[in-house]
Amino acid sequence: MIGSPGWITGNSGLKAGIDFSSGSVMNVTFRQPVGEDDIRERMDELGHTEALIQRIGGTSFFVRTDVLEEAIGDGLSEREIIERDLEHFLGMERQRVEFDTVSPIVAQETVRTAFYALAAASVFILLFVWYAFRRVPKAHRYGVSAILALVHDLLIILGIFSILGRAINLEVNSMFIVGLLIVAGYSVNDTIVVFDRIRENVSRSPDRDLANTVNLSIMESIGRSMNTSITTLVVLLAMLFIGGHSIRELLLVLAIGAVAGTYSSIFIASQYLVMWDRGEIGRVFRRRSTNEA
């Protein structure tokens, strides 16, 4: 449901980050080596058995809890109590603590905004491609095919993040949504490269079978698409391995999107045009209607 983190998480395996599910997060650094079990023991002692603890490098850790109360007991906030405890028992450096809290209301608004952003991007992409190919017969098919290819790319990204969410507790945060929007633009750009070549070949040989025209266009543009995608992927992987933890989700989304976008622009978007031209899509829907009846 829009406005609830459930449409992101549910039973999908996606782990909603603080931006989507509310809570408090702390990035903490210790003076001497400590383990996740050591921090877990202290958090359990303080009553935060729900805490998620992950090492982010060296002696630095990511700690996520439910929303921490501003002030309890002795006038101390829960954040203050946790920081004092970790400093006293494990040697945490309090001056290097990074802390953030997102309330449930803000989290719900973030989910709603993310959904609207993706929906708006899809509509504008459809209209833009339709307009750009307006001189080609049945131009609307190009816009719809581009959107179907984009849906494929986004589903691939969601599926991989779902697996990683279960396997390594990789969370979905606001950078994930930024990445999806970037992938939407990149994927459509790659698709338009192929579509543009199809448009040129259709104009040159209007009587040629569309399937042959599409095949020729793919062969003529595949080198450019592959070179562009490989170059992009190399840069993204380099940044992913040496970049900071804060943009890890963004870079991973872009890397997956670069691969999926290249695949879909060549093997999916163009094939939808051929299937539509042959009437195969209509036959699929008619067959489904017959079976349901």
message: Taking 41 Å as R0, compute the FRET efficiency from the Cβ-Cβ separation of VAL67 and ILE281 and round it to 0.05.
response: 0.25
- request: Pop out the Kirkwood hydrodynamic radius of segment 98-190 from its pairwise C-alpha distances, inverse of mean 1/r, in Å to one decimal.
  value: 15.0
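Using the Kirkwood formula over every pair of different C-alpha atoms, what hydrodynamic radius in Å results for the chain? Working shown, then result.
On the way: mean 1/r = 0.0454 Å⁻¹.
Roughly 22.0 Å, rounded to one decimal.
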query: Within the accessible area of the chain, what % is carbon and sulfur when the probe is 1.4 Å and the other protein chains stay in place?
result: 58
- prompt: So how do 226-237, 163-174 stack up, highest first, on mean other-Cβ count within 10 Å?
  reply: 163-174, 226-237
task: Report, in deg cm²/dmol and to the nearest 500, the calculated mean residue ellipticity at 222 nm for the chain, where each DSSP H run with n ≥ 4 adds -39500 (n - 2.57) and the sum is divided by the residue count.
output: -22500 deg cm²/dmol
field: Helix runs (DSSP H) in the chain reaching 27 Å along axis by Cα, Kyte-Doolittle at least 0.5
entry: 104-132, 140-168, 174-204, 210-242, 248-267
field: Per residue accessible area of the chain, 1.4 Å probe, in Å²
entry: 53
- prompt: How much length, in nm to one decimal, is gained on full extension between ASN189 and ASP209, taken as 0.36 nm per residue of separation minus their Cα-Cα distance?
  reply: 4.7 nm
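The values are calculated or read from the model by the stated rules, or taken from the named source; none is laboratory data. Bear in mind that the values here come from a model prediction, so they are computed numbers and not experimental data. Every residue, glycine among them, receives a Cβ derived from its backbone with ideal geometry; neighbour counts consider all protein chains shown. The area values use the complete protein model at the heavy-atom level, side chains included, leaving out ligands, DNA and RNA. Shrake-Rupley method; radii C 1.70, N 1.55, O 1.52, S 1.80 Å.
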